[in-house]
Structures are given as structure tokens and as C-alpha cells.
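What follows is a short report on a single structure.
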Amino acid sequence: MKVAKRIYQIPTPTPFYVGPINAYLIKDEPITLVDSGVKTDEAEEALRCGLAELGLAFGDVERIVITHAHLDHYGLAGAVAAEGTPTICAHPLEVYDIESELGYDSPDDPRNDRAEKFLLESGLPEEKLGLNLARHPVFQELRRAVKVTDQVEDGDTMPFESGDMKVIHCPGHAPGMINLYDPAEKVLLSGDNVLKHISPVPLLNFPLDPSKPRGHSLSNYLETLKKLRRLDIDLVLTGHGEIIDSLEEVIESVTLHHEVRKKKVLRFLGKAPGTAYDVCGHLFPKLDPLHTFLAMSEAIGHIDILEEEGAVEVEARDGLNFFSAKP
């Protein structure tokens, strides 16, 4: 389906609650695929059929842009690349996860022990550590490692014969999330950065370098939304769901959502000290256990912001971090 000048949307199915992922084919020189879908037979068939409707095959793709290293966005990139010689572009912060043969489950990943220690100190019961679905072995079946040939940064130019696009670094949902912006057509390809009916979860993340501090994902995400507000955008081509033709309304709604939730967290911590896991239970009392990592990321994100604002203080006690509202 043509959704903008030279841009076609190709939805591919996923096994996740978020539903299909929208891949985009930019039919210009070089022929560019933005995201791909998960590595399943159903998704591959959908992608092949979508390209065939445009008179193209996997081998015709000359460039693949991976918005971020979540497997529903790059799981099929390796299959596409295997049938041609495309350049593969991603932000440096996403390269490790895209290229790693063992993926998220690598025993050598220096982030694993640090993340587990942090979650335990945040009150997560040890038996729930395994609920981080990204570490589930089945996830390795939904991706194929692929070599990133071109690392791209904020402000880089993505050249096209009919008019260049700009790379916008949009940390939050993922530390190395990138969007593509076409200033001439006022079009943004947003990945998971902005969605019409879903507020993307800024996921808990740790740098590969253990000497660097943990990123404050929600704070980064809200700054990303401010950055997008400064761009002249008429149309947002999202990674999931419907296209957005009123970006300002969506940003306003998401910003208000997080402001309301932050105040709810502060009121809760004003009654008694609590861990991030306590906050998680307060925000999501009917939580599906499979979404524990998402919910913990959200709770920690709001605590991060309250700490930055000087509204809460932390006390380490019995191996746990307890937060309380300042008087």
C-alpha cells in the first residue's frame, strides 16, 4: 500500500500482542527497506508478497535500515540480506544485539548480571527474573543475526536519488532508536518511537560498557518527543498500527499520560517507602506476569524522573532500594 511519495507499507504478522509490524519499502535509488519483521514463515511470506506487488524480490533490496534492535523490526533482515548485497544501517548502540549470534541470550553479554542485580535490588522476586521475555530461548528462533555495514548517527544524511532523508536519533524505547525524516515531504518513519494508540514503553537498558551509568529511558523518551515537536512533520509512518496525521495530538496525549502516572507514583511513595516492584504493583495491579519486565521498566522510569526532580529519596536496606517522597 502506497502511503507517501515513493514509500509503501508492508505489514507482516508477529506472535506478539502488539500485532503486525509495518515494514516500509522506499522505492527510490537505492531501493531501501525500513525494518522487516520477525523470522517466521508467515512473516517472510507476507514480506515477499508485499515486495512482489511492487515488482521486487529480496535480492532487489539495496539498503536495509533497522530502526532498533527489537526482533520484530529486524528478525528477517538476515534472510533479506542473504539474497542480495544490501548495505545494512543501524545506530551504534543497537549493533551488538543485531550482530550477536546468540542474541539476547548471550552468556557473554556484560549487561545480564548488572541488570539482574539491579532488578533484585528493585524488589523483583528472584523467581520472576526469567519473565524477561527477551531472554526466552524461543526468541532466538525469531531472529537471524546480520552484519551492520553502516553505523548511522543523529543528523546523518540518508541519500536517495529523488531527495535525501535525515537520520534522527530518538532514544527512549530503545537506546539507539533511529527515525528517518523526509523534510521535503514532511514525513517521519518512526519505528516504535511514536504510535497512534499505544504509548511505547521506554525499556530498562544498561550500556555494554559497565563503567557507564544506566540510561534513564523514560527521561530520554520525553526529550525525544520534544525533539520531534521541533520538526515540521505532516505524516508519521509508524512501526505498528495506524499512520499518524496529527503528531502534536499524539505527543500531547503521551506526555500527559506520563505526567499523570508520575504523580500517581509520587502519591504512592508519599504514604510509605516502597521499592520499584511495589510501585509496579500499584500501577499495574492486574499485571500479566509475561509483561513484568515492561511494567518494571515503566515503574523505574517514573522513579528516575522523580529522583531527577528531587521529589523522592532512596534508602538502601536489606539489599533493597526503598524510595519515599520528600517532605
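Go through the range 34-60 and report how many residues are touching a residue at least 24 places away in the same chain (Cβ under 8 Å), over 15 Å from His73 (Cβ atoms) and not in a loop (DSSP other than H, G, I, E, B).
6
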Pairs returned, first residue in the range 76-93 that is acidic (Asp, Glu), second residue that is not in a helix (DSSP H, G or I), beta-carbon separation under 9 angstrom, 6 or more apart or interchain, are Glu83/Ala57; Glu83/Val61
The range 224-250, subset closer than 26 Å to Val312 by Cβ and touching a residue at least 24 places away in the same chain (Cβ under 8 Å), residue surrounded by the fewest Cβ atoms within 10 Å (Cβ to Cβ): Leu225
Taking the range 278-324 and the residues there that are among the aromatic types (Phe, Trp, Tyr) and in contact with a helix residue (DSSP H, G or I) (Cβ under 7 Å, 6 or more places away or on another chain), the one that is modelled with the lowest pLDDT would be Phe293
Quick check, is Ala115 within 30 Å of Phe323 (Cα to Cα), among the aliphatic types (A, V, I, L, M), surrounded by fewer than 20 Cβ atoms within 10 Å (Cβ to Cβ) and in contact (Cβ under 8 Å) with a residue 12 or more places away in the chain? yes
Every residue from the range 5-26 that is among the aliphatic types (A, V, I, L, M) and under 15 Å from the mean Cα position of the chain (by Cα): Val18, Ile21, Ala23
Out of all the residues in the range 177-191, is one or more in a loop (DSSP other than H, G, I, E, B), of a type in the set (A, V, I, L, M, F, W, C) and under 26 Å from Val80 (Cα atoms)? yes
Exactly one of Ile31, Ile98 is in contact with a strand residue (DSSP E or B) (Cβ under 9 Å, 6 or more places away or on another chain), closer than 27 Å to Ser211 by Cβ and free of Cβ contacts under 8 Å to residues at least 60 places away in the same chain, and that residue is Ile98
Being over 22 Å from Leu93 (Cβ atoms) and surrounded by fewer than 16 Cβ atoms within 10 Å (Cβ to Cβ) is the requirement here; does Asp209 meet it? no
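The values are calculated or read from the model by the stated rules, or taken from the named source; none is laboratory data. None of the values given here were measured: they were computed from a predicted structure. Don't worry about glycine lacking a Cβ; one is built from the backbone with ideal geometry, like all the others, and counts go over all protein chains shown.
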